[in-house]
Number of protein chains: 2
Amino acid sequence: MTYESFFETRDSIEQVEESSSFAPKFDKDGLIPVVTTDYTSGEVLMQGFMNQEALIKTLELGQAVYFSRSRKVLWHKGKTSGLYQIVKEIRIDDDQDCIWLRVDVQGGASCHVGYRSCFYRSIPFGDKFNKESVKLEFEETEKVFDPEDVYKDAPNPTIL
Amino acid sequence: MTYESFFETRDSIEQVEESSSFAPKFDKDGLIPVVTTDYTSGEVLMQGFMNQEALIKTLELGQAVYFSRSRKVLWHKGKTSGLYQIVKEIRIDDDQDCIWLRVDVQGGASCHVGYRSCFYRSIPFGDKFNKESVKLEFEETEKVFDPEDVYKDAPNPTIL
């Protein structure tokens, strides 16, 4: 089975932007970026990627399935940690090159570091912007879980 | 002046994930993905990209400045349309390869097609997923502005 056949070809700007034609654009690596927010709070939990198979699996299953760029495999979020993301709504943007997932997170955490959201630090800006030394500020101070308990010996996905 | 000097080098996973060190990761094209949400509603408005210069300008100015991949130029959002994005908060994720902007949108619209959000269509999933024919559904039905009035002869940024 090919996944290609699920998607319509991209023929015109009007078709892509103004119609109900499902014609997502995958980049040269075969991926589409995905923004995942908490359905209730609206908080951005993470930003990931899907390939064609991951997108179809997510639509079928109603749970978030990504493509892991570090491990180069399909990544059913929660399979290791139990922190599944239950999809409540899936949106696609104007030019269909980005997906927005609204999810309910089992266990209340989405970040492999242990925080609720991956975006637990802010960057000072405007009046607080210091050209000489920009320092991140922690907006979440307590971890929801201990990553060592949950992921055991699994390699950290962060790439330097 | 180089923009490089604003950022710390990425030396360890602990430094990148657990410290206040500002060490964002730009991809091989020199870009970092940016998720932009409405500060009040939490709605995802758009997903764009910044290069080093765009990120610094955004921090200095307190308004969203992106890098346009289609036009390959710095893109001060709102310069043509008047729909500036006033930054209320900037977050960065665990491995510092994604930015989350929380903004107030002047004029209430962020999408070049004329809708409030770029994500004005949803994709049916789960029980509603139809393997034979996936059709997008419009979640926003009224445009906030007429793109022809606002953008005049400017080329449409969508790439097929």
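Please specify each residue of region B:114-160 satisfying the condition of being among the small types (Gly, Ala, Ser) and surrounded by 11 or more Cβ atoms within 10 Å (Cβ to Cβ). If you could, list the steps in order and put the result at the bottom.
First, the residues of region B:114-160 that are among the small types (Gly, Ala, Ser): B:114, B:117, B:122, B:126, B:133, B:154.
The answer is B:GLY114, B:SER117, B:SER122, B:GLY126, B:ALA154.
B:VAL16: at the interface with chain A (Cβ under 7 Å from one of its Cβ atoms), out of contact with any strand residue (DSSP E or B) (no Cβ under 7 Å at 6 or more places or on another chain), among the aliphatic types (A, V, I, L, M) and not in a loop (DSSP other than H, G, I, E, B), yes or no? Walk me through how you get there before you give the answer.
Numbers: at the interface with chain A (Cβ under 7 Å from one of its Cβ atoms): yes; out of contact with any strand residue (DSSP E or B) (no Cβ under 7 Å at 6 or more places or on another chain): yes; among the aliphatic types (A, V, I, L, M): yes; not in a loop (DSSP other than H, G, I, E, B): yes.
Taking the combined requirement at face value, the residue satisfies it.
Applying the selection to region A:51-89, what residues are of a type in the set (A, V, I, L, M) and within 12 Å of another protein chain (Cβ to nearest Cβ)? Walk me through how you get there before you give the answer.
The first filter runs over region A:51-89 and keeps only residues of a type in the set (A, V, I, L, M), leaving A:54-56, A:59, A:61, A:64-65, A:73-74, A:83, A:86-87.
Across region A:51-89, the qualifying residues are A:LEU55, A:ILE56, A:LEU59, A:LEU61, A:ALA64, A:VAL65, A:ILE86, A:VAL87.
Would you point out the residue of region B:90-120, among those that are part of a strand (DSSP E or B) and farther than 26 Å from B:THR9 by Cβ, that is farthest from the other protein chains (Cβ to nearest Cβ)? Outline the logic, then answer.
First, pick out the residues of region B:90-120 that are part of a strand (DSSP E or B): B:90-92, B:99-105.
So of that shortlist, the ones also farther than 26 Å from B:THR9 by Cβ come out as B:102-105.
On the way: B:ARG102: 9, B:VAL103: 11, B:ASP104: 13, B:VAL105: 15 Å.
This residue is B:VAL105.
Return only the number of the condition from (1) part of a loop (DSSP other than H, G, I, E, B); (2) within 30 Å of B:PRO147 (Cα to Cα); (3) out of contact with any Phe, Trp or Tyr (no Cβ under 7 Å at 6 or more places or on another chain) that A:ALA23 does not satisfy.
(3)
Determine, yes or no, whether B:PRO24 is within 12 Å of B:TRP100 (Cα to Cα), of a type outside the set (A, V, I, L, M, F, W, C) and in contact (Cβ under 8 Å) with a residue 60 or more places away in the chain. Please lay out each step first, then the result.
Numbers: within 12 Å of B:TRP100 (Cα to Cα): no; of a type outside the set (A, V, I, L, M, F, W, C): yes; in contact (Cβ under 8 Å) with a residue 60 or more places away in the chain: yes.
Taking the combined requirement at face value, the residue does not satisfy it.
Going through region A:140-160 one residue at a time, which ones are of a type in the set (Lys, Arg) and within 13 Å of another protein chain (Cβ to nearest Cβ)? Steps first, please.
Residues of region A:140-160 of a type in the set (Lys, Arg): A:143, A:152.
Within region A:140-160, just A:LYS143 meets the criteria.
Scan region A:98-113 residue by residue and report those that are touching a residue at least 40 places away in the same chain (Cβ under 8 Å) and surrounded by fewer than 19 Cβ atoms within 10 Å (Cβ to Cβ).
Matches in region A:98-113: A:ASP104 only.
Considering only residues of region B:24-42 that are surrounded by fewer than 20 Cβ atoms within 10 Å (Cβ to Cβ) and within 9 Å of chain A (Cβ to nearest Cβ), which is farthest from B:ILE86 (Cα to Cα)?
Let us first name the residues in region B:24-42 that are surrounded by fewer than 20 Cβ atoms within 10 Å (Cβ to Cβ), namely B:25-31, B:33, B:39-42.
The next check asks that each one be within 9 Å of chain A (Cβ to nearest Cβ); those that pass are B:25, B:33, B:41-42.
Details: B:LYS25: 24, B:PRO33: 18, B:SER41: 15, B:GLY42: 15 Å.
Checked region B:24-42; the qualifying residue farthest from B:ILE86 (Cα to Cα) is B:LYS25.
Could you please give the count of residues in region B:66-89 that are among the small types (Gly, Ala, Ser) and outside any loop (DSSP other than H, G, I, E, B)?
Number of matching residues: 1.
Across region B:124-139, which residue is nearest to the other protein chains (Cβ to nearest Cβ) among those that are touching a residue at least 12 places away in the same chain (Cβ under 8 Å) and more than 17 Å from B:GLU43 (Cβ to Cβ)?
First pass over region B:124-139, keeping only residues touching a residue at least 12 places away in the same chain (Cβ under 8 Å): B:124, B:136-139.
Keeping just the survivors that are more than 17 Å from B:GLU43 (Cβ to Cβ) gives B:124, B:136.
Details: B:PRO124: 8, B:LEU136: 4 Å.
Here the residue is B:LEU136.
Does region B:121-143 hold any residues that are part of a loop (DSSP other than H, G, I, E, B), modelled with pLDDT of 90 or more and of a type in the set (S, T, N, Q), and which are they?
So in region B:121-143, the residues part of a loop (DSSP other than H, G, I, E, B) come out as B:123-125, B:129-134, B:136, B:139-143.
Restricting the remaining residues to those that are modelled with pLDDT of 90 or more gives B:123-125, B:129, B:134, B:136, B:139-140.
Matches in region B:121-143: none.
I'd like to know if region B:71-85 contains one or more residues that are touching a Leu at 6+ places or on another chain (Cβ under 7 Å), surrounded by fewer than 18 Cβ atoms within 10 Å (Cβ to Cβ) and on the phi > 0 side of the Ramachandran plot.
No, region B:71-85 contains no residue that is touching a Leu at 6+ places or on another chain (Cβ under 7 Å), surrounded by fewer than 18 Cβ atoms within 10 Å (Cβ to Cβ) and on the phi > 0 side of the Ramachandran plot.
The values are calculated or read from the model by the stated rules, or taken from the named source; none is laboratory data. Treat the numbers as computed from the prediction; the structure is a model and nothing was measured. We place every Cβ from the backbone using ideal geometry, glycine too, and count neighbours over all the protein chains shown.
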